[in-house]
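The values are calculated or read from the model by the stated rules, or taken from the named source; none is laboratory data. Computed from a predicted model, the values in this text were never measured in an experiment. All Cβ positions, glycine included, derive from the backbone under ideal geometry; neighbour counts span all protein chains shown.
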Amino acid sequence: VQLQAFGGGLVQTGGSLRLSCVVSGRTFSSKPMAWFRQGPGKEREFVAAISWNDGGTYYADSVKGRFTISRDNAKNTVYLQMNSLKPEDTAVYYCAVGYPYGDRSSASGDYDYWGQGTQVTVSS
């Protein structure tokens with residue numbers, strides 16, 4: 001399984017970006033997906049997750065109401081729409097694939113494949 005994330009960049013406070021993550025393999029539709037991020041000098045943290053079956057979503061409190069995770073199983077792609085961006089959202093964003101038929105989760109240990117990351121920088 002390989003993941004390729006893209007869509008990061010430099011944006012001003014209040015702006016928007018849409019991240020995409022394309023996943024290789026034929027079992028994408030049976031796996032939960034998530035986004036994590038790691039800011040400068042910080043630990044990696046959970047951002048959002050989406051179920052494999054009912055499209056249920058789960059967000060970190062820090063992004064709730066501003067970010068939206070979605071998936072397109074026909075394209076093996078998961079998205080993260082980020083609105084009202086703040087300087088504290090500056091980080092490398094990673095997509096991750098969960099185990100088959102697993103629950104959406106905020107724990108990094110529940111994901112077994114990770115993308116290479118894409119940099120998001122929000123200027124003040």
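At-a-glance table
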{"read-out": "Evaluation of Val1 against (1) assigned to a loop (DSSP other than H, G, I, E, B); (2) more than 19 Å from Gly117 (Cβ to Cβ); (3) among the β-branched types (Val, Ile, Thr) (one fails), failing number", "value": "(2)"}
{"read-out": "Failed condition for Arg104, given (1) in contact (Cβ under 8 Å) with a residue 40 or more places away in the chain; (2) closer than 26 Å to Ser123 by Cβ; (3) of a type in the set (Lys, Arg)", "value": "(2)"}
{"read-out": "Only one of Val63, Val78 that is under 12 Å from the mean Cα position of the chain (by Cα), β-branched (Val, Ile, Thr), at pLDDT 95 or above and more than 16 Å from Phe6 (Cβ to Cβ)", "value": "Val63"}
{"read-out": "Yes/no for Asp54 being under 14 Å from the mean Cα position of the chain (by Cα) and farther than 20 Å from Val1 by Cβ", "value": "no"}
